[in-house]
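Engineer: Structure provided below as C-alpha coordinates; questions to follow.
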Amino acid sequence: MTPTLLIPGLACSAALFRDQIGALNAFGPVHIADHRGADTVAELAAGILKTAPSHFRLCGLSMGGYIAFEIWRQAPERVTHMALLDTSARPDTPEGTQKRKDAIALCRKGQYLRVIKEGIPNLLTEEHVRTAAMRERVLEMAEDCGVQGYISQQMANASRPDSRPTLSTITVPTLVLVGEHDILTPEAMAVEMVEGIGEHAELEVLQQAAHLTPLEQPLAVRAALTEFFARYP
(Lines give C-alpha, C1' and ligand atoms only; values in the text may rest on other atoms or scores of the structure.)
Protein backbone atom coordinates (compact mmCIF):
# COMPACT_ATOMS: atom_id res chain seq x y z
CA MET A 1 0.00 0.00 0.00
CA THR A 2 1.26 3.45 -0.89
CA PRO A 3 1.69 5.90 2.02
CA THR A 4 0.21 9.39 1.96
CA LEU A 5 2.34 12.42 2.80
CA LEU A 6 0.34 15.42 4.03
CA ILE A 7 1.83 18.92 4.17
CA PRO A 8 -0.16 21.50 6.15
CA GLY A 9 -0.37 25.20 5.40
CA LEU A 10 1.14 28.27 7.03
CA ALA A 11 0.86 28.14 10.84
CA CYS A 12 -1.01 24.84 10.55
CA SER A 13 -0.24 21.48 12.13
CA ALA A 14 -1.30 17.88 11.66
CA ALA A 15 -4.62 18.91 13.23
CA LEU A 16 -5.53 20.50 9.90
CA PHE A 17 -6.14 17.00 8.52
CA ARG A 18 -7.56 15.52 11.72
CA ASP A 19 -10.85 14.58 10.09
CA GLN A 20 -9.28 13.00 7.00
CA ILE A 21 -6.40 10.93 8.41
CA GLY A 22 -8.52 7.98 9.53
CA ALA A 23 -10.04 7.48 6.09
CA LEU A 24 -6.71 7.94 4.32
CA ASN A 25 -5.18 5.17 6.42
CA ALA A 26 -7.20 2.75 4.30
CA PHE A 27 -4.80 3.47 1.42
CA GLY A 28 -1.61 3.08 3.47
CA PRO A 29 0.25 4.77 6.32
CA VAL A 30 -0.27 8.54 6.66
CA HIS A 31 2.73 10.79 7.31
CA ILE A 32 2.52 14.47 8.30
CA ALA A 33 5.43 16.59 7.12
CA ASP A 34 7.18 19.00 9.47
CA HIS A 35 7.44 22.19 7.41
CA ARG A 36 9.05 24.49 9.97
CA GLY A 37 12.74 23.73 9.75
CA ALA A 38 14.03 26.07 7.04
CA ASP A 39 13.31 29.43 5.45
CA THR A 40 13.26 28.41 1.78
CA VAL A 41 10.88 26.09 -0.03
CA ALA A 42 13.80 24.18 -1.56
CA GLU A 43 15.31 23.42 1.84
CA LEU A 44 11.94 22.47 3.31
CA ALA A 45 11.27 20.05 0.45
CA ALA A 46 14.72 18.49 0.74
CA GLY A 47 14.29 18.05 4.49
CA ILE A 48 10.89 16.43 4.10
CA LEU A 49 12.21 14.05 1.43
CA LYS A 50 14.94 12.82 3.78
CA THR A 51 12.39 11.22 6.11
CA ALA A 52 9.55 10.55 3.66
CA PRO A 53 8.69 7.05 2.39
CA SER A 54 10.32 5.89 -0.83
CA HIS A 55 7.05 6.50 -2.72
CA PHE A 56 3.97 8.41 -1.60
CA ARG A 57 0.73 10.12 -2.46
CA LEU A 58 1.45 13.82 -1.95
CA CYS A 59 -1.15 16.21 -0.56
CA GLY A 60 -0.51 19.83 0.42
CA LEU A 61 -2.68 22.78 1.38
CA SER A 62 -1.66 26.36 0.58
CA MET A 63 1.99 26.54 1.66
CA GLY A 64 1.92 22.76 1.59
CA GLY A 65 1.14 23.06 -2.10
CA TYR A 66 4.14 25.32 -2.69
CA ILE A 67 6.31 22.66 -1.06
CA ALA A 68 4.58 19.90 -3.02
CA PHE A 69 5.57 21.56 -6.29
CA GLU A 70 9.18 21.68 -5.09
CA ILE A 71 9.10 18.03 -4.00
CA TRP A 72 7.91 17.17 -7.49
CA ARG A 73 10.81 19.10 -9.00
CA GLN A 74 13.35 17.44 -6.70
CA ALA A 75 12.03 13.86 -6.71
CA PRO A 76 9.22 13.25 -9.21
CA GLU A 77 9.95 9.53 -9.31
CA ARG A 78 8.82 9.21 -5.69
CA VAL A 79 5.40 10.84 -6.15
CA THR A 80 2.52 8.61 -7.27
CA HIS A 81 -0.39 11.08 -6.92
CA MET A 82 -0.83 14.75 -6.05
CA ALA A 83 -3.63 16.59 -4.28
CA LEU A 84 -3.28 20.36 -4.29
CA LEU A 85 -5.67 22.03 -1.86
CA ASP A 86 -6.34 25.78 -1.78
CA THR A 87 -2.95 26.69 -3.21
CA SER A 88 -1.34 28.44 -6.16
CA ALA A 89 1.51 27.85 -8.58
CA ARG A 90 2.34 31.55 -8.64
CA PRO A 91 5.23 33.25 -6.82
CA ASP A 92 4.54 35.80 -4.12
CA THR A 93 3.52 39.29 -5.18
CA PRO A 94 5.39 42.39 -3.95
CA GLU A 95 2.33 43.28 -1.89
CA GLY A 96 2.16 39.79 -0.43
CA THR A 97 5.85 39.83 0.45
CA GLN A 98 5.47 43.16 2.23
CA LYS A 99 2.55 41.83 4.27
CA ARG A 100 4.68 38.87 5.29
CA LYS A 101 7.50 41.18 6.37
CA ASP A 102 5.04 43.26 8.39
CA ALA A 103 3.71 40.11 10.06
CA ILE A 104 7.24 38.93 10.88
CA ALA A 105 8.03 42.32 12.43
CA LEU A 106 4.98 42.08 14.68
CA CYS A 107 5.87 38.53 15.68
CA ARG A 108 9.34 39.65 16.71
CA LYS A 109 7.66 42.22 18.97
CA GLY A 110 5.76 39.47 20.75
CA GLN A 111 2.47 39.84 18.86
CA TYR A 112 2.29 36.47 17.18
CA LEU A 113 -1.22 35.57 18.33
CA ARG A 114 -2.46 39.01 17.30
CA VAL A 115 -1.16 38.33 13.79
CA ILE A 116 -2.93 34.97 13.69
CA LYS A 117 -6.21 36.33 15.05
CA GLU A 118 -6.26 39.20 12.56
CA GLY A 119 -5.68 36.75 9.72
CA ILE A 120 -8.57 34.42 10.56
CA PRO A 121 -11.13 36.27 8.36
CA ASN A 122 -8.92 35.43 5.37
CA LEU A 123 -8.99 31.72 6.21
CA LEU A 124 -12.63 30.96 6.97
CA THR A 125 -16.08 31.83 5.71
CA GLU A 126 -17.97 34.50 7.62
CA GLU A 127 -20.06 31.84 9.32
CA HIS A 128 -17.02 29.99 10.61
CA VAL A 129 -15.23 33.17 11.66
CA ARG A 130 -18.13 33.62 14.08
CA THR A 131 -17.76 30.04 15.36
CA ALA A 132 -15.67 29.93 18.52
CA ALA A 133 -14.66 26.28 18.10
CA MET A 134 -13.36 26.93 14.58
CA ARG A 135 -11.35 29.98 15.68
CA GLU A 136 -9.88 27.92 18.52
CA ARG A 137 -8.71 25.22 16.13
CA VAL A 138 -6.86 27.82 14.07
CA LEU A 139 -5.23 29.29 17.19
CA GLU A 140 -4.28 25.87 18.54
CA MET A 141 -2.53 24.98 15.29
CA ALA A 142 -0.68 28.30 15.35
CA GLU A 143 0.50 27.61 18.89
CA ASP A 144 1.75 24.19 17.77
CA CYS A 145 3.61 25.80 14.90
CA GLY A 146 5.28 28.36 17.17
CA VAL A 147 6.44 31.85 16.44
CA GLN A 148 9.86 30.88 15.06
CA GLY A 149 8.32 28.21 12.86
CA TYR A 150 5.86 30.79 11.55
CA ILE A 151 8.61 33.31 10.80
CA SER A 152 10.60 30.70 8.87
CA GLN A 153 7.48 29.69 6.96
CA GLN A 154 6.71 33.27 6.00
CA MET A 155 10.25 33.74 4.73
CA ALA A 156 9.95 30.57 2.65
CA ASN A 157 6.60 31.63 1.23
CA ALA A 158 7.91 35.06 0.28
CA SER A 159 10.82 33.62 -1.69
CA ARG A 160 9.03 30.67 -3.29
CA PRO A 161 9.65 30.14 -7.01
CA ASP A 162 7.14 30.41 -9.81
CA SER A 163 5.83 26.87 -10.29
CA ARG A 164 3.80 27.62 -13.41
CA PRO A 165 6.62 26.76 -15.85
CA THR A 166 6.87 23.22 -14.43
CA LEU A 167 3.16 22.42 -14.19
CA SER A 168 3.23 20.62 -17.53
CA THR A 169 5.85 18.20 -16.18
CA ILE A 170 3.37 16.76 -13.66
CA THR A 171 2.37 13.38 -15.08
CA VAL A 172 0.71 11.72 -12.09
CA PRO A 173 -3.02 11.88 -11.28
CA THR A 174 -3.61 15.27 -9.66
CA LEU A 175 -6.61 16.60 -7.75
CA VAL A 176 -6.89 20.38 -7.48
CA LEU A 177 -9.40 21.37 -4.82
CA VAL A 178 -10.46 24.85 -3.71
CA GLY A 179 -13.12 26.44 -1.53
CA GLU A 180 -15.57 28.60 -3.46
CA HIS A 181 -15.00 31.51 -1.03
CA ASP A 182 -11.20 31.23 -0.89
CA ILE A 183 -9.87 34.78 -1.19
CA LEU A 184 -6.19 33.90 -0.71
CA THR A 185 -5.92 31.33 -3.50
CA PRO A 186 -9.21 31.70 -5.41
CA GLU A 187 -10.77 29.39 -7.95
CA ALA A 188 -9.07 31.18 -10.85
CA MET A 189 -5.69 30.04 -9.52
CA ALA A 190 -6.98 26.47 -9.23
CA VAL A 191 -8.18 26.57 -12.83
CA GLU A 192 -4.77 27.90 -13.86
CA MET A 193 -3.08 24.89 -12.26
CA VAL A 194 -5.48 22.40 -13.85
CA GLU A 195 -4.93 23.94 -17.27
CA GLY A 196 -1.17 24.00 -16.75
CA ILE A 197 -1.01 20.35 -15.70
CA GLY A 198 -3.39 19.28 -18.43
CA GLU A 199 -4.92 15.83 -18.88
CA HIS A 200 -3.63 14.49 -15.56
CA ALA A 201 -5.48 17.05 -13.44
CA GLU A 202 -9.06 17.47 -12.29
CA LEU A 203 -10.78 20.30 -10.43
CA GLU A 204 -13.15 20.20 -7.47
CA VAL A 205 -14.72 23.34 -5.97
CA LEU A 206 -16.23 23.00 -2.51
CA GLN A 207 -19.20 25.11 -1.54
CA GLN A 208 -19.47 26.86 1.82
CA ALA A 209 -15.71 26.86 2.30
CA ALA A 210 -12.90 29.38 2.12
CA HIS A 211 -9.15 28.69 2.48
CA LEU A 212 -9.02 25.99 5.17
CA THR A 213 -11.27 23.48 3.46
CA PRO A 214 -10.27 20.46 5.61
CA LEU A 215 -11.52 22.33 8.70
CA GLU A 216 -14.62 23.89 7.19
CA GLN A 217 -15.83 20.98 5.06
CA PRO A 218 -14.14 17.94 6.62
CA LEU A 219 -16.49 15.34 5.18
CA ALA A 220 -16.38 16.81 1.69
CA VAL A 221 -12.59 16.96 1.68
CA ARG A 222 -12.38 13.42 3.04
CA ALA A 223 -14.73 12.20 0.32
CA ALA A 224 -12.86 14.06 -2.41
CA LEU A 225 -9.49 12.60 -1.38
CA THR A 226 -10.68 9.04 -0.83
CA GLU A 227 -12.71 8.92 -4.04
CA PHE A 228 -9.78 10.32 -5.98
CA PHE A 229 -7.28 7.86 -4.53
CA ALA A 230 -9.71 4.97 -5.05
CA ARG A 231 -10.04 5.82 -8.75
CA TYR A 232 -6.25 5.88 -9.17
CA PRO A 233 -4.93 3.00 -7.02
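The values are calculated or read from the model by the stated rules, or taken from the named source; none is laboratory data. Small disclaimer: the values here were computed from a predicted structure and weren't measured. All Cβ positions, glycine included, derive from the backbone under ideal geometry; neighbour counts span all protein chains shown. Ligands, DNA and RNA are stripped out before the accessible areas are found, and what is left, the full protein with its side chains, is counted by its heavy atoms. Shrake-Rupley method; radii C 1.70, N 1.55, O 1.52, S 1.80 Å.
Engineer: Please pull out the direction-averaged projected area of the range 10-140, using the convex hull of its alpha-carbon atoms, in nm² to one decimal place.
Structural biologist: 9.0 nm²
Engineer: In the range 119-175, carbon and sulfur make up what percent of the accessible area (probe 1.4 Å)?
Structural biologist: 52 percent
Engineer: Diagonalise the Cα gyration tensor of the range 114-225 and give the resulting equivalent ellipsoid semi-axes, square root of 5 times each eigenvalue, largest first, whole Å.
Structural biologist: 26, 19, 12
Engineer: Say each of Ala14 and Ile32 gets a label point 7 Å from the Cα, pointing the same way as Cα to Cβ; how far apart are those two points in nm?
Structural biologist: For Ala14 paired with Ile32, the spin-label model returns 0.5 nm.
Engineer: Something else now. For the range 76-163, what percent of Cα pairs sit more than 22 Å apart?
Structural biologist: In whole percent, the share of Cα-Cα pairs in the range 76-163 beyond 22 Å is 39.
Engineer: Explain nothing, just the number: dipole magnitude of the range 50-164 about its Cα centre with +1 on each Lys and Arg Cβ and -1 on each Asp and Glu Cβ, in debye rounded to the nearest 20. Spell out each step's value before the answer.
Structural biologist: Working: 17 positive and 14 negative charges, 58 e Å.
I would put it at about 280 debye.
Engineer: With springs only between Cα atoms under 10 Å apart, run a GNM on the chain and tell me which of Gly64, Gly37, Gly179 wobbles the most.
Structural biologist: Gly37
Engineer: Of the candidates Arg130, Arg36, Arg73, which one comes out as most mobile in a Gaussian network treatment of the chain with C-alpha springs shorter than 10 Å?
Structural biologist: Result for the chain, Cα springs under 10 Å: Arg130 fluctuates most.
Engineer: Can you tell me what percent of all Cα-Cα pairs in the chain are more than 26 Å apart?
Structural biologist: Details: 8186 of 27028 pairs.
Here the tail beyond 26 Å accounts for 30 percent of pairs.
Engineer: About the Cα centre, and with charges only on the beta carbon of Lys, Arg (+1) and Asp, Glu (-1), how big is the dipole of the range 148-212? Nearest 20 debye, please.
Structural biologist: The dipole magnitude comes to about 340 debye.
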